[in-house]
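Inspection log for the structure reproduced underneath, given as structure tokens.
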């Protein structure tokens, strides 16, 4: 049996775009860990992410990972050969290989990293219509993978069946969302568009308050815009429309 053994906590790791992620791996050796070298690479691009040797430090690193990829120097003597990636993006998805070598042995393991993204807070607007028809449009960008979209009114009734949702490719491989809600005989009230990333179990929602128009003296009409930030998993914006 070899004297080196490496074990990673997970073979498949999921991370959220914009956050830091650690691929946790532990090296077991009969010799001092400081006498070994290890290299982290991204397989699909053959890029060196981090190349550690005790005497020469990090060499041959791809410039795109500079200041973004780190190892835990103080814990390497204890066998910690984990890799930290800062501010991950969708392009960081892929297979990562860890190669560890001593004077007499070389071993390798792989971890697949999946990056998922929650997009921008949904924005709801109502396009003007000469016929007086009210249509609500909910838009957001930067999701991955394609999210689910739902609508409901202030009573909690599901209105998704009255909507049509378009999912298109955005920059960086993300998904843009445009969902249109159109109904007859709109009652006054609150209408909420919710967009959900099922893999991250996280989403965002926005609400639109619809108030039927009341004629004012002089024919003037008034509208108000309100903003409210809710819990971390749901940013809610309220808009009021007089119709």
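See the values below:
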{"item": "Any hit, segment 118-141, residues being touching a helix residue (DSSP H, G or I) at 6+ places or on another chain (Cβ under 9 Å), over 16 Å from residue 208 (Cβ atoms) and surrounded by fewer than 16 Cβ atoms within 10 Å (Cβ to Cβ)", "result": "no"}
{"item": "All positions within segment 160-185 that are surrounded by 15 or more Cβ atoms within 10 Å (Cβ to Cβ), closer than 15 Å to residue 126 by Cβ and in contact with a strand residue (DSSP E or B) (Cβ under 6 Å, 6 or more places away or on another chain)", "result": "163, 178, 179, 180, 181"}
{"item": "Matching residues, segment 145-161, being over 13 Å from residue 177 (Cα atoms) and either touching a helix residue (DSSP H, G or I) at 6+ places or on another chain (Cβ under 9 Å) or assigned to a loop (DSSP other than H, G, I, E, B) (or both)", "result": "151, 152, 154, 155, 156, 157, 159"}
{"item": "Selected residue (criterion: modelled with the highest pLDDT) from residues of segment 90-117 that are assigned to a loop (DSSP other than H, G, I, E, B) and surrounded by 15 or more Cβ atoms within 10 Å (Cβ to Cβ)", "result": "93"}
{"item": "Close pairs from segment 49-73: first assigned by TED's automatic domain parsing to the domain that holds residue 91 and modelled with pLDDT of 90 or more, partner surrounded by fewer than 17 Cβ atoms within 10 Å (Cβ to Cβ) and in a loop (DSSP other than H, G, I, E, B), Cβ under 6 Å, at least 6 apart", "result": "51/59; 51/60; 68/86"}
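The values are calculated or read from the model by the stated rules, or taken from the named source; none is laboratory data. Bear in mind that the values here come from a model prediction, so they are computed numbers and not experimental data. Cβ sites come from the backbone with ideal geometry, for glycine too, and all protein chains shown count toward neighbours.
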